[in-house]
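Asker: Encoded as structure tokens, here's the structure I'll be asking about.
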Amino acid sequence: MVNYKDLGLVNTREMFKRAVAGGYAIPAFNFNTMEQMQAIVQAAVETKSPVIMQVSKGARNYANGTILRNLAKGAVEYAKELGCEHPEIVLHLDHGDTFELCKDCIDNGFSSVMIDGSSLPYEENVALAKKVVEYAHQFDVTVEAELGVLAGVEDEVVAAESHYTKPEEVIDFATRTGCDSLAISIGTSHGAHKFTPEQCTLVNGVLVPPPLAFDVLAEIEKKLPGFPIVLHGSSSVPMEEVNTINKYGGHLEAAIGIPEDQLRQAAKSAVCKINIDSDSRLAMTAAIRKHLAEHPGDFDPRQYLKPARENMKKMYIHKIVNVLGSDGKLAQC
């Protein structure tokens, strides 16, 4: 058993409490590689922001759970080396789909886990989330559960269509499961192709996606005042990165994300955790494609991973400062 506190990590409880009260959201950035970890930590330290480093089931399969755990431990030490004496870094399992996976992460140093039973019948979702919560809380690990289904594709998470969270279910679900936060569906979507062109409106030659269902969010907030709410699938899919990828040999058609003004609006509510993954992938890929096109003789990975790391860091800082509002929100630095 590896306890996350021995790694210098924290759970989400206190940071979420402050975020809900302060009207901002904590960034939850997915990572698979050392370069992503470095960029996340650099951005969090420079902006004095708490941060959630997320690992999907696919990331654990790709990079190995032990390596990722030690990267997270290294992230804490790295933040201190960069001058932040009291970093607030969470190691979180994103979209855990079984009790066994969540237990394995808890036993191996994760400070927060998500159990995603949203595709199950309601009572089965409740039972599964409750089982994970009862185990996790023995070790002061926080648990995120999900009601409603997001469309899109992200690693092993695949859904053809979305189903909004039903506000009338949230009190019963949160009470019976004991979860610490609740991921809801109000129109966000996984992946870089969140909407089809047919779902969007053409405005001045730009495809504008349908607005998020803020009426559903408002009803959920009324039912669960002050309860931590989570938005998945919240990458904005910046067109400058998409255009760079396509300019240098990529082929991303109709890549559409969530407008940042809507994410800013959500962050001012009880939404205290916003997940961003695709934007990091796009920033990394755009920088690598550009570098290799302009320097075709380079073959040392450091030569193209360095600009990729810098581009991701730039994106993370932008999200923290201009979208989520979590800059300067460390309890102490």
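Asker: Ignoring ligands, DNA and RNA, how do 103, 48 rank by accessible area with a 1.4 Å probe, largest first?
Answerer: Details: 103 75, 48 100 Å².
From most accessible down to least: 48, 103.
Asker: Whole-Hz Karplus ³J(HN,Hα) for segment 7-12, in order, using 6.51 cos²θ - 1.76 cosθ + 1.60 and θ = phi - 60°, x for Gly and Pro?
Answerer: Whole-Hz 3J(HN,Hα) from phi for segment 7-12: 8, x, 7, 10, 8, 8.
Asker: Right, next: Tell me, rounded to the nearest percent, the portion of alpha carbon pairs in segment 207-333 spaced more than 17 Å apart.
Answerer: 64
Asker: Could you let me know the centre-to-centre spacing of segment 47-82 and segment 281-333, using Cα atoms, in angstrom?
Answerer: After rounding, the separation between the Cα centres reads 16 Å.
Asker: Counting only DSSP beta bridges with both residues in segment 4-324, what percent are antiparallel, rounded to the nearest 5?
Answerer: 20
Asker: Can you give the direction-averaged projected area of the convex hull of the alpha-carbon atoms in segment 4-324, in nm²?
Answerer: 15.9
Asker: For the chain, give the percent of accessible area contributed by carbon and sulfur heavy atoms, probe 1.4 Å, rounded to a whole number.
Answerer: Values: 7350 of 13950 Å².
Its accessible area is 53 percent carbon and sulfur atoms.
Asker: Size of the dipole of segment 4-324 about the Cα centre, Lys and Arg at +1 and Asp and Glu at -1 on the beta carbon, nothing else charged, in debye to 20?
Answerer: The dipole of segment 4-324 has a size of about 740 debye.
Asker: Now for a different question. Within 10 Å of each candidate Cβ there may be at most 16 other Cβ atoms; applying that plus a DSSP loop requirement, which GluC sites (Glu not before Pro) in segment 38-91 survive? Kindly include the intermediate steps, with their values, before the conclusion.
Answerer: Working: sites: 46, 77, 81, 85, 88; in loops: 85, 88.
For GluC sites (Glu not before Pro) across segment 38-91 that sit outside H, G, I, E and B with at most 16 neighbouring Cβ atoms in 10 Å, the list reads 85.
Asker: Work out which helices of the chain, taken as complete DSSP H runs, extend at least 15 Å along their axis over the Cα atoms and score a mean Kyte-Doolittle of -0.5 or more, then list them.
Answerer: The qualifying helices are 34-47, 65-81, 122-136, 167-177, 278-294.
Asker: Moving on to the next point. Given labels modelled 7 Å from the Cα in the Cβ direction, how far is it in nm from residue 240 to residue 300?
Answerer: Output for this residue pair reads 2.8 nm.
Asker: Taking only protein heavy atoms and a 1.4 Å probe, what accessible area per residue, in Å², does segment 4-324 have with all protein chains in place?
Answerer: With all protein chains present, segment 4-324 gives 41 Å² per residue.
Asker: Now a separate question. Would you please name the chymotrypsin sites (Phe, Trp or Tyr not before Pro) within segment 246-333 that are DSSP coil residues with at most 15 other C-beta atoms within 10 Å of their C-beta?
Answerer: 299
Asker: Please work out whether segment 54-145 counts as rounded, prolate or oblate from its C-alpha gyration tensor, where a ≥ b ≥ c are the square roots of the eigenvalues and a/c under 1.5 means rounded, while otherwise a/b larger than b/c means prolate and anything else oblate?
Answerer: The shape class here is prolate.
Asker: Hey, with R₀ at 22 Å, roughly what FRET efficiency would residue 264 and residue 166 work out to, going by the Cβ-Cβ distance, to 0.05?
Answerer: Details: r = 26 Å, r/R0 = 1.17.
Approximately 0.30, to the nearest 0.05.
Asker: Please go through the residue pairs 57/319; 80/222; 5/166 and name each one whose alpha carbons sit more than 32 Å apart in this structure.
Answerer: Working: 57/319 24 Å; 80/222 40 Å; 5/166 36 Å.
Going by Cα-Cα distance, 80/222; 5/166 fall outside the 32 Å limit.
Asker: Could I ask something else about it? As a check on your grasp of the helix formula, calculate [θ] at 222 nm for the chain: sum -39500 (n - 2.57) over DSSP H runs of n ≥ 4, divide by the residue count, round to the nearest 500.
Answerer: Mean residue ellipticity at 222 nm (helix-derived): -13500 deg cm²/dmol.
The values are calculated or read from the model by the stated rules, or taken from the named source; none is laboratory data. Worth saying up front: this structure is predicted, and the values here are computed from it rather than measured. Methodologically, a virtual Cβ is constructed for each residue, glycine included, from the backbone with ideal geometry; neighbour enumeration extends over all protein chains shown. Surface areas here come from the heavy atoms of the whole protein model, side chains and all, with no ligands, DNA or RNA. Shrake-Rupley method; radii C 1.70, N 1.55, O 1.52, S 1.80 Å.
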